[in-house]
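Note sheet for the following structure.
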Amino acid sequence: MHYLLFYEVVADYAERRAALRAEHLALARAAYARGELVLGGALADPIDGAVLLFTGDSPAAAEAFARADPYVRNGLVTSWRVRTWTTVVGDGAAVQLPSVGREA
């Protein structure tokens, strides 16, 4: 299954994250190396949140990431939540739908 980790962040997040970015990225790279994190990044225009895509049998990896993240621990993230994402199209989709053929 796939899980989306959503972050809501403080207004001056872009400025404040610089001091914590190396630790945050190390955490993200470790999760990626373990096969838990697929993609992640800040939302842009405006930078008012972030979304990280996790894969696994449960949301535990996403939840553990948020609890360990220096952005969360140091108050840059005002709230976070994990949502199950039922992916059905694309490489690595969690649910394979039956093919729909076009009849002539």
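From the list Ala68, Ala28, Ala61, Ala19, the one residue that fits, being hydrophobic (A, V, I, L, M, F, W, C), at pLDDT 95 or above and touching a Gly at 6+ places or on another chain (Cβ under 7 Å), is Ala28. When residues in the range 42-56 are screened for being modelled with pLDDT under 95 and under 13 Å from Val82 (Cβ atoms), 0 of them pass.
Take Gly35 and tell me if it is more than 25 Å from Arg17 (Cβ to Cβ) and at pLDDT 95 or above.
yes
Just give me the residues in the range 32-71 being under 12 Å from Glu8 (Cβ atoms) and in contact (Cβ under 8 Å) with a residue 40 or more places away in the chain, in sequence order. Those that are under 12 Å from Glu8 (Cβ atoms) and in contact (Cβ under 8 Å) with a residue 40 or more places away in the chain: Asp48, Gly49, Ala50, Val51, Ala66, Tyr71. The residue that is surrounded by the fewest Cβ atoms within 10 Å (Cβ to Cβ), counting only those in the range 8-58 that are touching a strand residue (DSSP E or B) at 6+ places or on another chain (Cβ under 6 Å) and assigned to a helix (DSSP H, G or I), is Ala28.
The values are calculated or read from the model by the stated rules, or taken from the named source; none is laboratory data. Fair warning: this is a prediction, and the values are worked out from it, not measured in the lab. FYI the Cβ positions are ideal-geometry reconstructions off the backbone, even for glycines, and counts take in every protein chain you see.
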